[in-house]
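The values are calculated or read from the model by the stated rules, or taken from the named source; none is laboratory data. As the structure is a prediction and not an experimental result, all values here were calculated from the model. Cβ atoms come from the backbone with ideal geometry, glycine included; neighbour counts cover every protein chain shown. Heads up: the accessible areas ignore ligands, DNA and RNA and are worked out on the full protein's heavy atoms, side chains in. Shrake-Rupley method; radii C 1.70, N 1.55, O 1.52, S 1.80 Å.
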Amino acid sequence: MREAIIEELLVRYEQLLRRRTETEIAEIQLDLDVSDEGHTTLSYARLRTLALAGDGSTDTIVDALRFLHENAYRPDAEETGNWWHWEIGTPRILLDICVLLRAHLPDADLTRYLATVQRFCPDADRRTKTGPWSPLAETGANRADKALIVALAGLLGGDSERVALARDGLSDLRDGRTNSLFRYVTSGDGFYEDGSFIQHDTVAYTGSYGVVLLTSVAEILALLRGSPWEVTDPGVSVVFDAVERSFLPFLFEGRMMDTVRGRAVARQHSRDLDIGAAALDAIGLLAQSAPASYAARWKTLERPDGFHVFGSMDRVVHHRPRWSAALSLSSERIARYECGNGENLHGWYTGDGMLYIYDLDDPDHYTDGFWPTVDPYRLPGTTVDTQRREDVGRGAGRGTGAIMAPNRIAGGAAVEGGFGTAELDLYGEGSTLRARKKWHFTDDAVMALGTDLSASDGRRIETIVENRNLRADATRRFVVDGVAQDAELGVERRYHGVQWAYLEGVGGYVFPGGADLVSLREERVGTWHAIDIGVSTEGDDVEVRRIYHALWLDHGVSPRRAGYMYVLLPGASEEGTARRAAQL
């Protein structure tokens, strides 16, 4: 009886595995670097591709598995380099292959592979590289991944206790441990009651590790549903509630907003659209295990208009009927940016008030080659010291690091009517730059203000109003105070006392009281490899070319108590922008 149940669950998992394309699996589960252990994981991934194809290459795959076991991934191998490959990446893919080939895999081979997995992933809450459970036990997405690995190992080995261990690993409180996935946290990794999701202690990661967690939990629930090991912990409602509380606010037209994707934005094959699709796919699978009240709501999910504050991870999101805005802040609690494993080499200013504007008329602004081509010194919304920066993480190769800021003030508050405000006490990294930055989010506008803006390093300070990816269109109309401007590429133009400006297909910009504005339309050329040396993929060294239009305010060299004010009007017409300027 128990054997029949196990085989039924393995068939179910094979169906779950095949429901997603190999590309989707790779997007979410692989986090490869150029180390030896990364190459091992990649080798197993390629074998899984062959196994999924079912093209008659079974004997070849079996032989290749033996080769990898003998030469790379076996119980007596030393766990070196990036622990993730040994304890999550490789065992997950190896077990996927074992499920797919279980009718053809010799028992002796399966026994050896399960012993290897047992060596490196014995329990969901244990990281073998650091020894038995400790305050550094697995949390968040890593814990969910390991629970699924333990469950698969138990099913393949016919070990009921191991399957139960996997189930309990989602909400395990043994020996006083309290790092359950099914309870809200107040620090560190996991879901917060305000909808925030953090991984690596200080990084806003809803759109990366959060999606991994959501996917793994959905798969475990679906896999074990109706079996003797069904997940019955009522705390699973934390994950069900996260669909609308944590994930939906960061989706725009099926795209996962980059403000919560961390260093994953630097990966060529990890687009916001793909991750959004993976999140929606996970929600669809989760609905099969959720109470009817949740599943019914999820069938008609719509983008939630209004202002949303995620104070625990220093993020705010503002949704309007035709556009949305997301703001990335940082503090002594939440990292400016994360780098490492050779990824996100130019993420310096992404947490210093970068303002993302998403428009229904231009939803692919960030999807289409944005990160390898945008000027990383001029990210919209930021105030920056123009010092030249070193690539972060280059040469480090392995491990990740979060770059923190010293300020305490960073966050937002909702006000009546679905609007809100946000504030950042900015401390420039490696600079004497200080500024108080504020944003007000209204029905049709975002107002940005800066005060007490000072620096003493002898370098220019800039506040970036816009840096729009126009793709290949160099002819977009640009108007300043009613006068159309020359669109010649590569020419920096300075305007004094500007009241308003308009960029065709993007919107308007109003400067109450006038401002000295700098404008630059240029072709930018970059490669994915320039911002991500951790993963070698086809085409990562191919030049990517995009046209950008940047606008910024030049505060001069070492300004003292400077300030600024401007209003963004996403999607506004030229006439509408002029009218708004006349009203302010």
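Placing unit charges on each Cβ (+1 for Lys and Arg, -1 for Asp and Glu) gives the chain a dipole about its Cα centre, and among 212, 520, 101 the Cα reaching farthest toward its positive end belongs to 520.
Taking only the Cα atoms of the range 154-228, the ratio Rg/Rh comes out at 1.02, with Rh defined as the Kirkwood radius. With N as its number of residues, the range 39-157 has a Cα radius of gyration that, divided by 2.2 N^0.38 Å, comes to 1.03.
Taking Cα centre as origin and charging only the Cβ of basic (Lys, Arg, +1) and acidic (Asp, Glu, -1) residues, the dipole magnitude of the chain rounds to 1000 debye. Compute the whole-percent fraction of alpha carbon pairs in the range 172-273 spaced more than 17 Å apart. Summing the P(r) tail past 17 Å for the range 172-273 gives 56 percent. Once all protein chains are placed together, residue 78 keeps about 140 Å² accessible to a 1.4 angstrom probe. The stretch between residue 584 and residue 542, if pulled fully straight at 0.36 nm per residue, gains 10.5 nm over its current Cα-Cα span. With a/c under 1.5 counting as rounded, go ahead and sort the range 191-341 into rounded, prolate or oblate using the C-alpha gyration tensor (a ≥ b ≥ c being the square roots of the eigenvalues; past the cut-off, prolate if a/b is larger than b/c, else oblate). It is prolate, given that a/c is not under 1.5 and a/b is the larger ratio.
Dividing the alpha-carbon radius of gyration of the chain by the rule-of-thumb value 2.2 N^0.38 Å gives 1.02. Only the Cβ atoms of Lys and Arg (+1) and of Asp and Glu (-1) were treated as charged; on that basis the dipole of the range 502-578 about its Cα centre amounts to roughly 460 debye. Our analysis of the range 347-455 gives Rg over Rh at 0.99, with the two radii drawn from alpha carbon positions and Rh computed by the Kirkwood formula.
With every protein chain kept in the model, how would you rank 273, 520 by accessible area, 1.4 Å probe, largest at the top?
273, 520
Net length available on complete extension from residue 486 to residue 70 is 143.2 nm, with 0.36 nm assigned per residue and the Cα-Cα distance removed.
Taking packing as the residue-averaged number of other Cβ atoms within 10 angstrom, the listed peptides 552-565, 289-302 run from highest to lowest as 552-565, 289-302. Shown are 39, 69, whose ranking by accessible area with a 1.4 Å probe and every protein chain present, most to least, is 39, 69. With Rh defined as the Kirkwood radius, the inverse of the mean 1/r over Cα pairs, the Rg/Rh of the range 36-84 is 1.02.
How high is the relative contact order of the chain, given as a whole-number percent (alpha carbon pairs under 8 Å, six or more residues apart)?
11
In the context of the full set of protein chains, the chain has a per residue accessible area of 38 Å² (1.4 Å probe). At a 1.4 Å probe radius, carbon and sulfur cover how many percent of the accessible area of the chain? The nonpolar share, carbon plus sulfur, comes to 49 percent.
For residue 575 and residue 305, the FRET efficiency from 1/(1 + (r/R0)^6), where r spans their Cβ atoms and R0 equals 25 Å, is about 0.50. Put simply, when 250-257, 365-372 are sorted by average Cβ atoms within 10 angstrom per residue, most first, you get 250-257, 365-372. Dividing the helix sum by the residues of the chain, where each DSSP H run of 4 or more adds -39500 (n - 2.57), gives a mean residue ellipticity at 222 nm of -9000 deg cm²/dmol.
Out of the GluC sites (Glu not before Pro) in the range 304-345, which ones are loop residues according to DSSP with at most 16 other C-beta atoms within 10 Å? Qualifying residues, ordered by number: 332.
If the cut-off is 22 Å between C-alpha atoms, which lysines fall inside it for residue 146, apart from same-chain ones fewer than 8 positions away? In chain and number order, the partners are 129.
Coupling constants for the range 347-360 follow from the phi torsions by the Karplus curve (6.51 cos²θ - 1.76 cosθ + 1.60, θ = phi - 60°), and in residue order they are x, 3, 10, 5, x, 9, x, 5, 10, 9, 10, 10, 10, 4 Hz; glycine and proline get x. Ranked by the mean number of other Cβ atoms within 10 Å of their residues, highest first, the peptides 199-208, 525-534 fall in the order 199-208, 525-534. Extending 7 Å from the Cα toward the beta-carbon at both residue 80 and residue 161 defines two label points whose distance is 3.5 nm.
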